[in-house]
């Protein structure tokens, strides 16, 4: 494959200055660096191509020869022959520039939980799991829970230092909370192992909290479960998690809800469903029956000729949806066929069959008529 023009590779004009060339290469090096694109052969090739172009165009002698004679003018100048696996120092490309910022750009920054030393830090959020009844999930309830959380130590007021003492600046990092060391291409910043990134050392820890600035306390609170809550949902209680440090806000408490299945009812969105048995005569002739609901009982009219599996809705007996509105309760009709008949019962059914007539050679029911059954 023919090699691309070096200026096209870097995306700069032939009148570009050294600084323009450097900026263009820096952008491509960050974008296509192999460490940021592991296993991506195309990115690796683009990185090599851009580096080769930079090596030529950043060198006055090589650039002059390339401008006059093209690729022929730089033959024998070792262009494109660099041992890429041994290319460990970006200093020769960026003139000794500290590339900690480039490292952060390539790998997303925040290595080791980077933060300003001694700065406020929010407390951890906590999780609590509860189980409620199906009815409580529909109408809402209040549940009292007990759990443990870290609270600011009253003795040291969260500083971690014993009364009358303070904190000493960490000598290993000078209070920055980070130490730098060379690693491959870059100068890498990592969390100071001496102070764990705090930037200071507590020489005389508080006896009550051991220097942590927090004490584990048992807490009891009432949690309001809203009406209509679904299984697996959560209620968030702000700032009821662990206390923060150095003035940081407390974390949140996440209460996850598990709803016990009901013996008779099931839920779909804002509607409830249950199945009710009726007799052959009730289905054929129609009837008024009483059915159980989550509120108590309700009267339902069974229309004459009701078929097995028919769904009859009862409005406003489902899940609350806000504004005083509720979904519906759907009653699925299950016609009960007697398995044992008295002698008189058989005689009556035989008479019924003779009067109404029965088809002893029925045709199949069209599939379109079965839709929704």
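The residue list 327, 318, 286, 345 contains one member that is surrounded by 10 or more Cβ atoms within 10 Å (Cβ to Cβ), farther than 21 Å from residue 138 by Cβ and in contact with a strand residue (DSSP E or B) (Cβ under 8 Å, 6 or more places away or on another chain), which is 286.
When the criteria are applied in full, residue 180 meets the requirement of being farther than 22 Å from residue 249 by Cβ and not in a loop (DSSP other than H, G, I, E, B). Kindly establish whether residue 189 is part of a loop (DSSP other than H, G, I, E, B) and in contact with a strand residue (DSSP E or B) (Cβ under 9 Å, 6 or more places away or on another chain). Here the answer is no, as residue 189 does not meet what is asked.
Just to confirm my filter: which strands (runs of 3 or more DSSP E) fall fully inside the stretch 305-358 and include at least 1 residues that are closer than 19 Å to residue 282 by Cβ?
Details: elements: 311-314, 320-322, 329-336.
Ranges flagged: 311-314, 329-336.
Within the stretch 32-50, being touching a residue at least 12 places away in the same chain (Cβ under 8 Å) and out of contact with any helix residue (DSSP H, G or I) (no Cβ under 7 Å at 6 or more places or on another chain) holds for one residue alone: 44. All of 229, 235, 223 fail the test of being buried (at least 16 other Cβ atoms within 10 Å of the Cβ), touching a helix residue (DSSP H, G or I) at 6+ places or on another chain (Cβ under 7 Å) and either within 30 Å of residue 154 (Cβ to Cβ) or assigned by TED's automatic domain parsing to the domain that holds residue 136 (or both), apart from 229.
This table checks each residue for (1) at pLDDT below 85; (2) surrounded by 18 or more Cβ atoms within 10 Å (Cβ to Cβ); (3) over 30 Å from residue 259 (Cβ atoms).
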site	(1), (2), (3)
112	yes, no, yes
134	no, yes, no
140	no, no, no
148	no, no, no
154	no, no, yes
168	no, no, yes
195	yes, yes, yes
212	yes, no, yes
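Take the conditions (1) closer than 24 Å to residue 227 by Cα; (2) modelled with pLDDT of 85 or more; residue 324 misses just one of them, which is (2).
The values are calculated or read from the model by the stated rules, or taken from the named source; none is laboratory data. Everything numeric here is computed off the predicted structure, so don't read it as measured data. Every residue, glycine among them, receives a Cβ derived from its backbone with ideal geometry; neighbour counts consider all protein chains shown.
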